[in-house]
């Protein structure tokens, strides 16, 4: 299983259980989540996961490409008050952890 797949599986479970403890092991101390609508530093990201992410559901995860430096992922996303969306993300890695996770495409 790839690091991105494991990260997103734990993220999905973290949202569902409102628990960010396992997700924290996948990100560096200087991690940042960057999306078209917001940017969250590590603690803000972990707090968001612990709150259930609005609530957020991830599904149909497809890792398009991954190596030691980067992961490119396509997945479905559903927030409580939004339509289902398809999201393309790029996670950059350092020392086996993600230091940023960028949402590169947000659409239906």
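The values are calculated or read from the model by the stated rules, or taken from the named source; none is laboratory data. This one's a predicted model, so the numbers in the text were calculated from it and none came from an experiment. As a convention, Cβ positions derive from the backbone with ideal geometry for all residues, glycine included, and neighbour counts pool all protein chains shown.
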- Item | Scan of region 4-43 for residues that are in contact (Cβ under 8 Å) with a residue 24 or more places away in the chain, surrounded by 14 or more Cβ atoms within 10 Å (Cβ to Cβ), touching a helix residue (DSSP H, G or I) at 6+ places or on another chain (Cβ under 7 Å) and not in a strand (DSSP E or B), ordered by number | 7, 11, 14, 15, 19, 20, 23, 26
- Quick one: would you say residue 60 is out of contact with any strand residue (DSSP E or B) (no Cβ under 8 Å at 6 or more places or on another chain) and assigned to a strand (DSSP E or B)? no
- Could you grab the pairs with beta carbons closer than 8 Å, sequence gap of 6+ or different chains, first residue in region 91-108 and within 22 Å of residue 24 (Cα to Cα), second one modelled with pLDDT under 85 and outside any strand (DSSP E or B)? 103/36
- Restricting attention to region 6-25, which residues are within 21 Å of residue 70 (Cβ to Cβ) and more than 10 Å from the chain's Cα centre (by Cα)? 6, 24, 25
- Message: Taking the criterion of being modelled with pLDDT of 90 or more, under 18 Å from residue 6 (Cα atoms) and not in a loop (DSSP other than H, G, I, E, B), would at least one residue in region 50-57 satisfy it?
- Response: yes
- Mind telling me which of the residues 80, 66 ends up being surrounded by 13 or more Cβ atoms within 10 Å (Cβ to Cβ) and either at pLDDT below 85 or out of contact with any strand residue (DSSP E or B) (no Cβ under 6 Å at 6 or more places or on another chain) (or both)? 66
- Name the residues in region 63-84 that are within 17 Å of residue 11 (Cα to Cα) and part of a strand (DSSP E or B), would you? 63, 71, 72, 73, 74, 75, 76, 77, 78, 79
- Task: Read through the list (1) in a loop (DSSP other than H, G, I, E, B); (2) touching a helix residue (DSSP H, G or I) at 6+ places or on another chain (Cβ under 9 Å), then give the number of the only condition that residue 46 fails.
- Result: (1)
